[in-house]
Amino acid sequence: MMNKKFITQAKIGKNWVDNLGSFELISPVDGKVIGLVSDCTPKEARWAIEESQKAFEQWKDTPAEHRYEILSLWAELIIKEKTTLAEIMAFEMGKPVKEGKKEVDYAASFVRWYAEEAKRIYGMTIPPSIASKRIIVIYEPVGPVLCITPWNFPSAMVTRKAASAIAAGCTVVVKPSEHSPLSALFLVDLWDKAGGPPGVLQVLPTSNPGELCRTFFEDSRIRKVSFTGSVPVGKALYEQSAKTLKGVLLELGGNAPMIVFADADLDLAVRETIQAKFRNAGQACIAVNRLYVEKGIVELFCNKLVEETKRLKVGNPLDENTDIGPLVSEKSLEKIRRLLSDALSKGGKILYGGEAKGLYFNPTIIRINDPASEILKEEIFGPLLPVLSFESEREVVRLANSTSYGLASYIMTSDLKRAFRLSHALQFGIVGINDGRPSCCQAPFGGIKESGIGREGGQWGIREFLETKYLSFNLE
Ligand code: NAD
């Protein structure tokens, strides 16, 4: 049924390229091969860079209104194909279609937002100190860019990067994750159908990302790399960027604390915790990684949380009722098992869940007693939630900040003063206050410390792809 909808060839210039090697794409749904995908090598990378540079010469000078029109149509087509895209994501990385449809809305929201932003790249004039001078500041697109995307949001991470870069007047090569190339290929097909010129958006899947991307990093025509993925890969790419001094945007992992105070609306706190933890089976960079509950309510809160968690339905992601699908790979499963067994060996107690059937891991809540448990230090990336208790605000801020990550954090409280105090004290790029779903197209998304450099979304996302140029007129 699905095979007809899959596009598996790389998109380079105006060509769908399949006269090269391929790699097998295995579905986490049932472990079966769902397609053979073009396996791009440095040769295709060099070709794509040529095309990207050629297209940039035209695209950078297109009127903003024209970019707006193409991007708007692209967004419309993405929404029209919501079900197909959600099914593709379910097949390639196991996201339940119910959630996949929400991701498609989210993905399209960036395209719409940046269609509008294309028209608002305002420059500036500044009053000079010398009467005969005029100071003008203009913004120009940085040039061809490489966007490297992860598998956990296979559509939204493509559009969040590509739409902002394209709106700025840049050309884009997307290197999707080897686990989820099909969404990106489907999206570039929709770009074509929206009238997007060839070479402005290209997609190069590969089974060897290190080798392919090195070609881009070594080429001085690529002026920016936007990467979303893990911290170790992000750090390695940061080093590689030095050679040709490219700009880099790094959206990396997180270790988000959720802090629940006794004065919080506990039903709301339970709902938001479940959203922030179990969405996408916990495979989100802003997923709650550590839940801190004030001592006096910890038992009550855990009971409520377990009752609500029991409602989540684990199963085939193609089933409309499924809340939690399979983990993306055996490697992810092994990590969850390792973290769980370490926590149990250090006195952790399972309050709910703990079992897996193949890649299908039940949502699991575990009470932690030993702060040395590995689960508190690593990004879990699965439906496993460690719960701890705390006694004072000062103590919990210290615990929450005791990580090298700094992406998202959450506070549940009804005390306004406390909410302001903590928002300031927490060392994270995003603070959700009674809100477990802070992601949206209008706001700056990104982390501090080792969670990354730069921001995506809103007015900040497009600036990443613009150079500032200063024109000094002497009218003497
Ligand atoms: P990953 O780092 O393994 O891979 C990310 C991308 O980098 C993939 O496309 C992969 O093929 C590519 N890659 C891997 N090695 C490379 C290399 N040597 N050179 C160039 N590219 C290379 O991460 P993942 O498992 O795909 O995604 C999960 C990670 O992404 C988590 O850490 C998660 O927190 C993070 N993430 C962050 C955000 C954010 O906005 N901050 C959003 C989603 C995911």
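Pull up segment 238-247, narrow it to residues that are at negative phi and outside any helix (DSSP H, G or I), then point me to the one that is surrounded by the most Cβ atoms within 10 Å (Cβ to Cβ). The extreme case among them is Lys246. Scanning segment 153-174 for residues that are within 16 Å of the ligand (Cβ to nearest atom), farther than 13 Å from Glu456 by Cα and open to solvent by less than 10 Å² (accessible area, probe 1.4 Å) yields a count of 5.
May I ask you to verify whether Cys147 is more than 14 Å from Ala75 (Cβ to Cβ), away from the ligand (no atom under 16 Å from the Cβ) and either in contact with a Phe, Trp or Tyr (Cβ under 6 Å, 6 or more places away or on another chain) or not polar (S, T, N, Q) (or both)? Against the criterion (more than 14 Å from Ala75 (Cβ to Cβ), away from the ligand (no atom under 16 Å from the Cβ) and either in contact with a Phe, Trp or Tyr (Cβ under 6 Å, 6 or more places away or on another chain) or not polar (S, T, N, Q) (or both)), Cys147 does not qualify. Close Cβ contacts (under 9 Å, 6 or more residues apart or on different chains) running from residues in segment 126-142 that are touching a residue at least 24 places away in the same chain (Cβ under 8 Å) and in the same structural domain as Tyr114 (by TED's automatic domain parsing) to residues that are surrounded by 15 or more Cβ atoms within 10 Å (Cβ to Cβ) and among the polar types (S, T, N, Q) comprise Pro141/Thr171. Exactly one condition in (1) within 11 Å of the ligand (Cβ to nearest atom); (2) over 18 Å from the mean Cα position of the chain (by Cα); (3) not charged (D, E, K, R) is not met by Ile222; state its number. Exception for Ile222: condition (1).
Conditions (1) over 18 Å from the mean Cα position of the chain (by Cα); (2) aromatic (Phe, Trp, Tyr), marked per residue:
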site	(1), (2)
Asp435	yes, no
Cys440	no, no
Phe445	no, yes
Glu450	no, no
Gln459	no, no
Leu466	yes, no
Ser472	yes, no
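The condition of being of a type outside the set (Ser, Thr, Tyr), within 30 Å of Gly253 (Cα to Cα) and in the same structural domain as Gln202 (by TED's automatic domain parsing) does not hold for Ala55.
Please count how many residues of segment 417-439 are of a type in the set (Gly, Ala, Ser) and open to solvent by less than 20 Å² (accessible area, probe 1.4 Å).
3
Quickly run through segment 266-294 and pick out the residues that are among the hydrophobic types (A, V, I, L, M, F, W, C) and in a strand (DSSP E or B). Can you show your working first?
Narrowing segment 266-294 to residues among the hydrophobic types (A, V, I, L, M, F, W, C): 266, 268-270, 274, 276, 278, 281, 284-288, 291, 293.
Selection gives Val288, Leu291, Val293.
From the list Leu312, Leu327, Leu250, exactly one residue is touching a helix residue (DSSP H, G or I) at 6+ places or on another chain (Cβ under 8 Å), assigned to a loop (DSSP other than H, G, I, E, B) and within 14 Å of the ligand (Cβ to nearest atom). Which is it?
Values: Leu312 fails: within 14 Å of the ligand (Cβ to nearest atom); Leu250 fails: assigned to a loop (DSSP other than H, G, I, E, B).
Checking each option against the conditions leaves just Leu327.
The values are calculated or read from the model by the stated rules, or taken from the named source; none is laboratory data. All of these numbers come straight from a predicted model, not from anything done at the bench. Every residue, glycine as well, gets a Cβ built from its backbone with ideal geometry; the counts of neighbours run over all protein chains shown. For the accessible areas, the whole protein counts, side chains as well, though only heavy atoms, and no ligand, DNA or RNA atoms are used. Shrake-Rupley method; radii C 1.70, N 1.55, O 1.52, S 1.80 Å.
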